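Only one structure is covered here, and it is reproduced in the block below.
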Amino acid sequence: VQLQASGGGLVQAGGSLRLSCVVSGTLITTNGVAWYRQTPGNQREWIATFAAGGANNVADSVKGRFDISRDIAANTVYLQMMRLESEDTGVYLCSCLRRSVSYWGQGTQVTVSS
């Protein structure tokens, strides 16, 4: 199983970005995919999950600004981020749990300038 995250970059506060997580080696309709955020000095923070069955959840800390979606044909999960704040700066990683093993992508850097 491999995950490839992309879409990060430098954006001004108030701007938007859409991150992509392309999954190979398994189907996103079989195994759910989650997004996490890693900031310097902080623990990895869960952001959102799109379950295999179609249910999705977003962390309260970003609810109303972030949204998770998927394209089954592309086997890709997206994280739409709006009204970005400087506190959203970090490395965003996607993860897939399959047969009790967690697989991680390499992450994509998001930097929000104030």
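Other residues lying with their Cβ under 15 Å from the Cβ of G54 contribute a combined charge of -1, Lys and Arg counting +1, Asp and Glu -1.
Solvent-accessible surface of region 46-114, averaged per residue with a 1.4 angstrom probe and all protein chains in place: 50 square angstrom. Ligands, DNA and RNA excluded, the heavy atoms of C21 present near 0 Å² of accessible surface to a 1.4 Å solvent probe.
At most 15 other Cβ atoms within 10 Å plus a DSSP loop assignment makes a site exposed; report the longest stretch of the chain without any exposed trypsin sites (Lys or Arg not before Pro). Longest run free of exposed loop sites: 1-43.
Annotation: T89 carries an accessible surface of approximately 40 Å², with a 1.4 Å probe and no ligand, DNA or RNA atoms counted. Note: relative contact order over the chain, using C-alpha pairs below 8 Å and six or more positions apart, is 36 percent. Net charge in the neighbourhood of T108 (other residues with Cβ under 14 Å of its Cβ; Lys, Arg +1, Asp, Glu -1) is +1. Using a Gaussian network model of the chain whose springs link C-alpha atoms within less than 10 Å, name the residue from Y78, Y92, Y103 with the highest mean-square fluctuation. Answer for the Gaussian network model of the chain: Y103.
The values are calculated or read from the model by the stated rules, or taken from the named source; none is laboratory data. Just so it is clear, the model here is predicted, and its values are computed rather than measured. Here Cβ is always computed from backbone atoms with ideal geometry, including for glycine, and neighbour counts include all displayed protein chains. Calculation scope for accessible area: heavy atoms of the full protein, side chains included, ligands and nucleic acids excluded. Shrake-Rupley method; radii C 1.70, N 1.55, O 1.52, S 1.80 Å.
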